[in-house]
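See below for the structure under consideration.
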Amino acid sequence: MNSASLQVASTNRFERRRERTRRELLAAAIAVLAKKGLHDTKVADIAAAADIGVGTVYLHFPTKEALFDAVVEDTVARLKATIDAARAAARGAVARIRAANAAFCRFAQENREVFRIVFGHAAAYNDVIRRAQALFAADIEETIREGVASRAFTPVPPAVAAQGVVGMATQVLSWWTEQESLSMDTLQETMLTLALHGLGVHPRPAEARRGGRSHG
């Protein structure tokens, strides 16, 4: 192996090690933030949970807020990929609304702690979260516009309706993270029914359940 190849291999190992440390820091941050909240969490707490030095944390994230933003961005990217995949597999505007609702709820259930951090009330003014909600609203707006054009939905202003759907979903699911006794099935059905009724679609309860489960 020549010197150039050795340098590339060394660089690759360094990058893999750096990425592994970053993932460990994100996982530790989620655990500590879920327990203590953003305000009461210290960088030293996250370093201890990840079993690394405080100085190493600052090599990856200059501030606690930068680490929190990274948690948000990572979560939003995974959530959007989950919803996009569900929407792509559905045909028609109504089916895409159902698929997106089911994927959103499934992700929240599988990532309850991080969902509480990212979409909880304390995070309401985070700019990263506002940008994420705008991305989701843009996708929903496109679906609603399609549904209105095909007469699957009542003729509502797509932009306004999209903000309503996204606002309801994030608010209700952030509230759900604190409700230990409320089942996700009940929440998912209720959100789907409210969204579809608001768009002029009136599924029977059994139909709503089937629509949610088919993409869960």
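Got a sec? Which of 98, 78, 22 is among the basic types (Lys, Arg), under 30 Å from residue 150 (Cβ atoms) and part of a helix (DSSP H, G or I)? Steps first, answer last, please.
Values: 78 fails: under 30 Å from residue 150 (Cβ atoms); 22 fails: under 30 Å from residue 150 (Cβ atoms).
Within the list 98, 78, 22, the selection yields 98.
Exactly one of these conditions fails for residue 177: (1) at positive phi; (2) under 20 Å from the mean Cα position of the chain (by Cα). Give me its number.
(1)
May I ask you to verify whether residue 100 is touching a His at 6+ places or on another chain (Cβ under 9 Å) and touching a residue at least 24 places away in the same chain (Cβ under 8 Å)?
Numbers: touching a His at 6+ places or on another chain (Cβ under 9 Å): yes; touching a residue at least 24 places away in the same chain (Cβ under 8 Å): yes.
So residue 100 fits the description; yes.
Name every residue in the range 55-69 that is closer than 15 Å to residue 32 by Cα and surrounded by 14 or more Cβ atoms within 10 Å (Cβ to Cβ), in order of residue number.
57, 64, 67, 68, 69
Go through the range 166-179 residue by residue and tally those that are buried (at least 19 other Cβ atoms within 10 Å of the Cβ) and more than 13 Å from residue 118 (Cα to Cα).
Of the residues in the range 166-179, 3 are buried (at least 19 other Cβ atoms within 10 Å of the Cβ) and more than 13 Å from residue 118 (Cα to Cα).
Against the definition (of a type in the set (D, E, K, R) and free of Cβ contacts under 8 Å to residues at least 24 places away in the same chain), how does residue 73 come out, yes or no? Explain how you work it out, then say what you get.
Numbers: of a type in the set (D, E, K, R): yes; free of Cβ contacts under 8 Å to residues at least 24 places away in the same chain: no.
No.
Taking the stated definitions as given, is residue 113 under 21 Å from residue 28 (Cα atoms), exposed (fewer than 15 other Cβ atoms within 10 Å of the Cβ) and either of a type in the set (A, V, I, L, M) or under 16 Å from the mean Cα position of the chain (by Cα) (or both)?
Working: under 21 Å from residue 28 (Cα atoms): yes; exposed (fewer than 15 other Cβ atoms within 10 Å of the Cβ): yes; either of a type in the set (A, V, I, L, M) or under 16 Å from the mean Cα position of the chain (by Cα) (or both): yes.
For residue 113, the condition - under 21 Å from residue 28 (Cα atoms), exposed (fewer than 15 other Cβ atoms within 10 Å of the Cβ) and either of a type in the set (A, V, I, L, M) or under 16 Å from the mean Cα position of the chain (by Cα) (or both) - is met.
Taking the condition of being more than 17 Å from residue 73 (Cα to Cα) and either surrounded by fewer than 12 Cβ atoms within 10 Å (Cβ to Cβ) or at pLDDT 85 or above (or both), how many residues in the range 22-54 meet it? Working first, answer last.
Looking only at the range 22-54, we keep the residues that are more than 17 Å from residue 73 (Cα to Cα), and these are 32, 35-37, 39-54.
Within this subset, residues satisfying the condition of being either surrounded by fewer than 12 Cβ atoms within 10 Å (Cβ to Cβ) or at pLDDT 85 or above (or both) are 32, 39-54.
Summing the residues that are more than 17 Å from residue 73 (Cα to Cα) and either surrounded by fewer than 12 Cβ atoms within 10 Å (Cβ to Cβ) or at pLDDT 85 or above (or both) in the range 22-54 gives 17.
Among the residues of the range 150-165, are any within 19 Å of residue 90 (Cα to Cα) and surrounded by fewer than 14 Cβ atoms within 10 Å (Cβ to Cβ)?
So the first thing to find is which residues in the range 150-165 are within 19 Å of residue 90 (Cα to Cα), and the list is 150-153, 162, 165.
Then keep just the ones that are surrounded by fewer than 14 Cβ atoms within 10 Å (Cβ to Cβ); that gives 150-151.
Scanning the range 150-165, I find at least one residue that is within 19 Å of residue 90 (Cα to Cα) and surrounded by fewer than 14 Cβ atoms within 10 Å (Cβ to Cβ), so the answer is yes.
Tell me which residues, restricted to the range 90-103, are of a type outside the set (A, V, I, L, M) and surrounded by fewer than 22 Cβ atoms within 10 Å (Cβ to Cβ). It would help to see each step written out before you state the result.
Restricting attention to the range 90-103, the residues satisfying the condition of being of a type outside the set (A, V, I, L, M) are 91-92, 96, 98, 101.
91, 92, listed by residue number.
The values are calculated or read from the model by the stated rules, or taken from the named source; none is laboratory data. Worth saying up front: this structure is predicted, and the values here are computed from it rather than measured. Using ideal geometry, Cβ is built from the backbone for each residue, glycine included, and neighbour counts are taken over all protein chains shown.
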